[in-house]
Amino acid sequence: MDFAKQEFVLKSTFQNLAERKEVYSLVETHFNVPWRILVECFNEGLKVFLICKNTTRSNLWSIDVDFTIKLTSAAYSFNKCISGTFNRSNTTLGWDDFTQWKGMIERSPTKPGGLHTPVVAIEKLNVEIHAEIKRIIGVNRKRTVKFDEMDENVTDVCLIVEQKKFFVSKTFLASFSKVFHVMFFGEFVEKGAAEVVIQDVNADVFKVFLSLIYVTSDPGITGKYSF
């Protein structure tokens, strides 16, 4: 999703809901915050929630969010729009009576007379949550470092990996890698080179390596982020 819009989508397929009281989706991290879906079954209804698993130690964090819960089966689709605020004392938002099982029915071709079966009793139920973060307070935003742009203030060498260019700092790389330390500060031709070709390395893997050592966060106030 476009970071400027601060939107994200969670999708999960839940199996055999009639046999389970609670079921969770996998945790996904968006905008430096972990999220997951919770579906609860009760009597003849469903409860569907968006859970914020923020681990910020501060008691002052909060996240204002608008989101839409969408349930779909082979024959039906239901939507519910919700707005609210996550914080230390409220990490769950959703709808505690999303719909009635009796209303979520589809005609079953496997039963005599075309009897109706609750949708939650069929093999799977798809749940989607489309969310837009309106404001975040007290949560650091990770800053994505771009390596495809030259910045004379912080970069002094271009590494070429599988024809892809990565603009980096010799000193910074050397502080994390003995190989780069020897390459840039030893008696090798790369020492004074403006461009260096790196052989036998996958470009995508190298980008991941750079992202790991360049991990950083933006303090202060940026857009809808407040600290």
* Kindly provide the set of residues from the range 170-193 that are assigned to a loop (DSSP other than H, G, I, E, B) and buried (at least 17 other Cβ atoms within 10 Å of the Cβ), ordered by number. => none
* **Of all residues making up the range 163-194, the number that are under 21 Å from SER211 (Cβ atoms) and of a type in the set (Asp, Glu)** => 0
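Any read-out appearing in this document is the output of simple, stated calculations on the displayed coordinates, not a laboratory observation. Worth saying up front: this structure is predicted, and the values here are computed from it rather than measured. Backbone-built Cβ (ideal geometry, glycine too); neighbour counts: all protein chains shown.
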